[in-house]
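The values are calculated or read from the model by the stated rules, or taken from the named source; none is laboratory data. All of these numbers come straight from a predicted model, not from anything done at the bench. Here Cβ is always computed from backbone atoms with ideal geometry, including for glycine, and neighbour counts include all displayed protein chains. For accessibility, only protein heavy atoms count, side chains too; no ligands or nucleic acids. Shrake-Rupley method; radii C 1.70, N 1.55, O 1.52, S 1.80 Å.
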Amino acid sequence: MSEANKPAYSPGLDGVIAGESAICCVDATEGLRYYGYGIEELAPKIPFEDVAWLLLHGELPDEAQIKQFAKELAESAPLAGGMIGVLKSLPRNMRAMDQLRTAVSALAGFDPDIGKFDHEANLRKSVRLISRLTSVTIAGWRIRQGQEPVIDANRPLAGRFLFGLNGKGPEEWRVRVLDTIFNLYAEHEFNASTFAARVTASTLADMYSAVVTAIGALEGPLHGGANEQAMTMLREIGSPGKAETWVKNRLAKKDKIMGFGHRVYKKGDSRVPVMRGLLAEVGKRVGQMNWLEICLELDRVMEKEKGLFANLDLYAAPVLMLLEIPSELNTPLFACARVAGWCAHVMEQQDHNRIIRPRSLYTGPKTREI
Ligand code: COA
């Protein structure tokens, strides 16, 4: 093929518009909006359940709607005995994301609407998935620790997550902080996991298959796995004074610095100011301001050295650690929030479906004979 005839190609689909969506707008200058609501306002003010409803329905719920939604989430929370059996049958040393992916696949077997694609069936499946991802994450964690699951169905999801780790009532401020984190993670347009979910949904596969696909894509360190690795990095650095040398050494080796850079945000991630505020608040409450100081110093050095800015995961990692959430659960927790966005996208895709099937630019040998 001559250079002139080569079709346009963008590695990593950088800048490519791969579909239409009304759910969320990620704009490098105007920031992040869910159905038009700015994340800075939405995330700290509105409970995650309301945000999840917004993503599924396009409007914030009224009092009766949110009451009904909370009831349905609570009814969906308990796990069937067979599901607990599945979790108990898995190896104790299985990674949390592998366990979550396997568990969500098994959950399909416990959903009476499986195989139905109409909007109402997809809505019912969305409620079960949003509720049960948190249930399987915390139950799976307890089982891996050799303990029985504790699922308090009546708590809102952030509270259910924290209570489910140790069966103790979390303080109100911890629940509020985690609730805000759930909101920040709930949705982000055509990120890798959501796009993967839409590709699967576009074949008219079931919503569970789409969510399993999304969990697989989320796991990698360039996407959702970054927050766990960011915590490992912060622990290794240990103090703000060591950050500059640490970063320069890594950059000299051409290593990626976890929690920095973004495909869309080139002048800073619009979710970071809220997350940074949470790190300042939580650090002050528990008397550990060093994590914020390290992050700020990393931010300064990375901007100077590479012109790159922190993304949400850099600041999320220490907040989750200070909330006493094991860092192995950072990415599963991300999934527990993002599932609201995944389900909204699967419905949007299947409501206006055309199979997603792009082309590749062939670079193999010319036609030849055997
Ligand atoms: N550390 C060091 N260098 C980085 C970097 C990072 N975190 N992120 C990007 N770069 C470099 C790239 O290697 C590239 O360098 P080059 O021009 O010398 O090849 C340059 O910056 C531009 O990269 P860009 O095109 O903006 O990255 P991308 O859009 O292909 O990838 C990410 C985006 C998020 C995958 C990438 O920034 C990354 O790997 N970040 C770390 C993982 C992470 O935090 N993921 C969570 C995302 S919310």
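Out of (1) open to solvent by less than 10 Å² (accessible area, probe 1.4 Å); (2) more than 30 Å from CYS25 (Cα to Cα), the odd one out for ALA226 is which? Evaluating ALA226 over (1) open to solvent by less than 10 Å² (accessible area, probe 1.4 Å); (2) more than 30 Å from CYS25 (Cα to Cα) leaves (2) as the failure. The residue list ASN183, ASN166 contains one member that is polar (S, T, N, Q) and at pLDDT below 95, which is ASN166.
Listed here are the residues, each with its yes/no results for (1) surrounded by 19 or more Cβ atoms within 10 Å (Cβ to Cβ); (2) of a type in the set (Ser, Thr, Tyr); (3) on the phi < 0 side of the Ramachandran plot.
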{"site": "THR137", "(1), (2), (3)": "yes, yes, yes"}
{"site": "TRP141", "(1), (2), (3)": "yes, no, yes"}
{"site": "ASP152", "(1), (2), (3)": "no, no, yes"}
{"site": "LEU162", "(1), (2), (3)": "yes, no, yes"}
{"site": "GLU172", "(1), (2), (3)": "no, no, yes"}
{"site": "VAL175", "(1), (2), (3)": "yes, no, yes"}
{"site": "TYR185", "(1), (2), (3)": "yes, yes, yes"}
{"site": "ASN191", "(1), (2), (3)": "yes, no, yes"}
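Residues satisfying the criterion are present in region 257-267 (criterion: over 18 Å from the mean Cα position of the chain (by Cα), modelled with pLDDT under 95 and open to solvent by 10 Å² or more (accessible area, probe 1.4 Å)). The set of residues from region 271-308 being within 12 Å of the ligand (Cβ to nearest atom) and within 19 Å of the chain's Cα centre (by Cα) comprises ARG271, VAL272, MET275. Screening ALA22, ALA18, ALA8 for residues that are open to solvent by less than 50 Å² (accessible area, probe 1.4 Å), out of contact with any Ser or Thr (no Cβ under 8 Å at 6 or more places or on another chain) and more than 11 Å from GLU187 (Cβ to Cβ) leaves exactly one candidate, ALA18.
Within region 317-327, the presence of a residue that is without any contact (Cβ under 8 Å) to a residue 40 or more places away in the chain and not assigned by TED's automatic domain parsing to the domain that holds PHE182 is excluded. Scanning region 255-270 for residues that are touching a residue at least 40 places away in the same chain (Cβ under 8 Å) and near the ligand (Cβ under 9 Å from one of its atoms) yields a count of 11. Right, ALA64: surrounded by 18 or more Cβ atoms within 10 Å (Cβ to Cβ), more than 16 Å from the ligand (Cβ to nearest atom) and assigned by TED's automatic domain parsing to the domain that holds ARG176 or not? Taking the combined requirement at face value, the residue does not satisfy it.
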